[in-house]
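Visitor: So that we are looking at the same thing, I have put the structure below in C-alpha cells.
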Amino acid sequence: MAANAIDQTRRMLSLVTYLRERPGAHVADVARAFGITEDELISDLDVLPMCGTSFRGGDLLDIDTDGDRIWWHNPDDVAAPLRLAADEATALLVAARAVATLPGLRESDREALLRATAKLEAAAGEAAGASSRLSVTFESEGGVFAEVDRAISERRRLWVRYYSPARDELTEREVDPIRLFAVGHTYMEAWCRLSEARRTFRLDRVAEIRILDEHAAPPELELRDLSAGLVQPSADDPEVVVEVGPGGRWVAEYYPHDRAEELPDGGLRITLRTPDPASLRRLALRLGSDGRIVAPQELADNARTAAAAALAAYDGE
C-alpha cells in the first residue's frame, strides 16, 4: 500500500538522521532498513535536496547518490543548532503571551504555554525585554475559538447568537460542536438543535457564545472532505451568471465556477452554481460598479433593489 504524505514525511525525517550517522551508506541497505523499495528511496532522495533550514543554497541538504551509495556533503553546516534572531524571538514571545490570555483556554494548556514562554524568555536574552513592551489583543474571533475548542474538549453544548448573511439577521441557537477547521476563515462544524441538521458556522459571525452544562451529543456523522474547498457545488444546484469588470476578476479565483469567459473590456462572464443563490446578493453589493448579476433575473432584480436601498440609506444620513 502506498504511503501517504504524513508517512513519507516521517520517514524522510528519520532518513536524515540515519544518513548523518552512516556516510556513504549503500542504497540497498538503507531501503531494507526502512522497509521500502530502492525506487521509493531514490524518490525520497530526489526531494531531500529541496529541504533545509532556509531556501538559500548553503542551507539546503546537499545529498546525492550514484545509484549504489548515498553521500551527504554538508551535514555539519545544516545540522548546526539554530538560533532565533531578535525579531523572531520577539514575535514568538508576543504571540505566546497573547494566546495565554485567551478566554476559554484550558488551564493545563495555559500553564504549559506559560512554562514554554519562560524558557523562551531565558533563551532570548535582551530580545525578551523588547517583547515585554509590545502587546496584542485578539478580536472576538479569538475568544470564540477558545470557547469552541473548550466545548469540544469537554463535550459540552454551546449557545450562540449568530449572524446569518443570507437572511441578514441574528439568530439564537444551541449547537453540539463537532470540529474546528480553517478554509480561508475559521469555522465550527456542529449539529444545530434549531434546524436538527449539521451546520457550519463562521467564527467571525458569532456575536455571542456561551458554554452550557448540557452534554453535547451530535449524531454519528461522516466528516465532510474539505480538500476541494468549503463550498462544493452540485450539478443540480441553480445556475447563476455574474459579469465582472477588470476589478472584479478575483471572483473567479475565490468562487468555484463552471465557466469563465473573457469579455472585451478585460472582465469576465462567470457561470457558477450554488444551492443558495440569494447568498450571492452580498457578492453583488461588494462588487459595486465592478460587477453585476446577470441571471437568474429574479436574483439580479433583488440585488439591484438591495443596492438602491443601501444608497438611499447613505443619502439619508
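Visitor: Scan the stretch 83-131 for residues that are among the aliphatic types (A, V, I, L, M), at pLDDT below 70 and surrounded by 15 or more Cβ atoms within 10 Å (Cβ to Cβ) and report the count.
Guide: Looking only at that region, the number is 6.
Visitor: When the residues of the stretch 247-279 are narrowed to those that are assigned to a loop (DSSP other than H, G, I, E, B) and open to solvent by less than 50 Å² (accessible area, probe 1.4 Å), which ends up nearest to Glu298 (Cα to Cα)?
Guide: Kept after step one, since they are assigned to a loop (DSSP other than H, G, I, E, B), are these residues of the stretch 247-279: 249-250, 255-258, 263-267, 274-276.
Now narrow it down to the ones that are open to solvent by less than 50 Å² (accessible area, probe 1.4 Å): 263, 266-267, 274.
On the way: Leu263: 23, Gly266: 27, Gly267: 23, Thr274: 15 Å.
So, considering only residues that are assigned to a loop (DSSP other than H, G, I, E, B) and open to solvent by less than 50 Å² (accessible area, probe 1.4 Å), the one nearest to Glu298 (Cα to Cα) is Thr274.
Visitor: Can you find, within the stretch 184-199, the residue that is modelled with the highest pLDDT among those that are open to solvent by 60 Å² or more (accessible area, probe 1.4 Å) and in a loop (DSSP other than H, G, I, E, B)?
Guide: Checked the stretch 184-199; the qualifying residue modelled with the highest pLDDT is Arg193.
Residue by residue, here is whether (1) part of a strand (DSSP E or B); (2) at pLDDT 90 or above; (3) loosely packed, with under 12 Cβ neighbours inside 10 Å holds:
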position: Arg133; (1), (2), (3): no, no, yes
position: Gly143; (1), (2), (3): no, no, no
position: Tyr163; (1), (2), (3): yes, no, no
position: Ala182; (1), (2), (3): yes, no, yes
position: Phe201; (1), (2), (3): yes, no, no
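Visitor: Residues of the stretch 47-65 being exposed (fewer than 12 other Cβ atoms within 10 Å of the Cβ) and either assigned to a helix (DSSP H, G or I) or at pLDDT 85 or above (or both), which ones?
Guide: Once the filter is applied, which keeps residues that are exposed (fewer than 12 other Cβ atoms within 10 Å of the Cβ) and either assigned to a helix (DSSP H, G or I) or at pLDDT 85 or above (or both), the stretch 47-65 yields Met50, Gly57, Gly58.
Visitor: If a residue must be farther than 16 Å from Glu243 by Cβ and touching a strand residue (DSSP E or B) at 6+ places or on another chain (Cβ under 8 Å), how many such residues does the stretch 254-281 contain?
Guide: Final tally of qualifying residues: 3.
Visitor: I'd like to know if the stretch 9-29 contains one or more residues that are modelled with pLDDT of 85 or more and on the phi > 0 side of the Ramachandran plot.
Guide: yes
The values are calculated or read from the model by the stated rules, or taken from the named source; none is laboratory data. For clarity, every value in this text was computed on a predicted model and none was experimentally measured. When we count neighbours, we look across all protein chains shown, and the Cβ atoms used for this are built from the backbone with ideal geometry, even at glycine. Note: areas computed on protein heavy atoms with side chains; ligands, DNA, RNA excluded. Shrake-Rupley method; radii C 1.70, N 1.55, O 1.52, S 1.80 Å.
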